[in-house]
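Here the structure is laid out as structure tokens; the discussion comes afterwards.
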């Protein structure tokens, strides 16, 4: 059950919001938390019920370790902290990298090492990192473990359990103890619905129109010409933008309808004029985790912080972040490219007295991000390197098989074959032409949400977004969000 499916939008979310609000108002806070906990486990188990014990086991393990840390003193606390962190990483690595490790061991031994296919538990990367941060916060006396039900709800809360944001206990647990924010409930529901509708529209209209272009082009990446490589790679950059932005808005909206304020995870990253700014706007909670729990500890290993040690810490952190996404060399290169971009930014800020013109800084940043996303999208290193090379038109930029673009050798005129034909014109071409400028120039979702007040006109806009989204939705073939893979 995904956020962009009819069962979630029409049944699950309305029932949970109404049920939780009524139980909270008429019965008790404790019972309402129980309703929300059952709903969260149901949502998680609906995807694949056999993975629910993994989530439950992770919750029990980390709650037990946290209570142990809280009771101890001195070096014993540190030993339990590291035990908890290493066990969490071992569990995550088992599901993410066991297949790759088994293949390497098999080739080394000259035999076939068959490992069981456990599948990949939904959201394990996110709820594992969230609990690692929780253990560190308990160790640093920022949190005190209390009731298991609170911890279980903190980890499994359905608006963010599948793909983040990675929430900190000191922000969420006080809200869960109180049953939500003490604010205007009607306004929260109205704002939350506006957020959710906007995110759903971004996913099923904008992200899906770019996915159509990308899937057609990336089906045979070696047939792409230079022009096609640019169109296809930029289309993927737009697809993942609206896919992740849509998910982030829907998560925020679902939580707010229940009365909870979860961290904002996305803030118009394609406006960035540096890679540093990009990571301050893209997957904000992951960036904060990397800074707090990777970059800062690595810096502390050195005797003093210098430009060189900062570069080492940055590259190491981003390579780890790349590996966190998956066990492919493509993800390592993705992390390395962003690490190199961050190092270059750091060096430029410290050593150079000149600033690039704003438009040049923006274009360079977007181009670098676009190249990195090629490695993020394609399944193997060979095809990713080929598409990256094709971005530079060494000879005829239109040379190639013409996967979704065709060119006339005499006139050099491009004809976008699929997009100009109905119904693709309405489902792909027009949405793409509207969406691309909005990603760079349009108002951010947060501006719309923060200034949202219920009026007839705004209610009509929200209703229109939902109606159009419903027309584009195909629940029988709903595509998952890209970050569900991690």
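Inspect all residues belonging to segment 15-23 and state whether any of them is surrounded by 13 or more Cβ atoms within 10 Å (Cβ to Cβ), farther than 30 Å from residue 474 by Cβ and modelled with pLDDT of 90 or more. Scanning segment 15-23 turns up at least one residue that is surrounded by 13 or more Cβ atoms within 10 Å (Cβ to Cβ), farther than 30 Å from residue 474 by Cβ and modelled with pLDDT of 90 or more. Screening residue 448 against (1) modelled with pLDDT of 80 or more; (2) assigned by TED's automatic domain parsing to the domain that holds residue 233 leaves a single unmet condition, (1).
Mind checking whether some residue in segment 266-276 is touching a strand residue (DSSP E or B) at 6+ places or on another chain (Cβ under 9 Å) and crowded, with 24+ Cβ neighbours inside 10 Å? Looking for residues that are touching a strand residue (DSSP E or B) at 6+ places or on another chain (Cβ under 9 Å) and crowded, with 24+ Cβ neighbours inside 10 Å, one finds at least one in segment 266-276, hence yes. Summed over segment 427-468, the residues that are assigned to a helix (DSSP H, G or I) and within 18 Å of residue 252 (Cα to Cα) give a count of 9. Exactly one condition in (1) buried (at least 20 other Cβ atoms within 10 Å of the Cβ); (2) closer than 25 Å to residue 365 by Cβ is false for residue 288; which is it? Result: residue 288 fails condition (1) only. Kindly check whether there is at least one residue in segment 389-406 that is exposed (fewer than 13 other Cβ atoms within 10 Å of the Cβ), at pLDDT below 60 and under 21 Å from residue 236 (Cα atoms). Checked against the condition, which is being exposed (fewer than 13 other Cβ atoms within 10 Å of the Cβ), at pLDDT below 60 and under 21 Å from residue 236 (Cα atoms), segment 389-406 yields at least one hit. Of the helices (runs of 4 or more DSSP H) lying entirely inside segment 257-371, those containing at least 1 residues that are within 30 Å of residue 186 (Cβ to Cβ) span 284-290.
For every residue, the table says whether it meets (1) at pLDDT below 95; (2) assigned to a helix (DSSP H, G or I); (3) over 23 Å from residue 122 (Cβ atoms); (4) assigned by TED's automatic domain parsing to the domain that holds residue 126.
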position: 41; (1), (2), (3), (4): no, yes, no, yes
position: 90; (1), (2), (3), (4): yes, yes, no, yes
position: 93; (1), (2), (3), (4): yes, yes, no, yes
position: 104; (1), (2), (3), (4): yes, yes, yes, yes
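On the given criteria, is residue 410 at pLDDT below 85 and part of a loop (DSSP other than H, G, I, E, B)? The answer is yes for residue 410.
The values are calculated or read from the model by the stated rules, or taken from the named source; none is laboratory data. Note that the structure is a prediction, hence the values are computed from the model and not measured. FYI the Cβ positions are ideal-geometry reconstructions off the backbone, even for glycines, and counts take in every protein chain you see.
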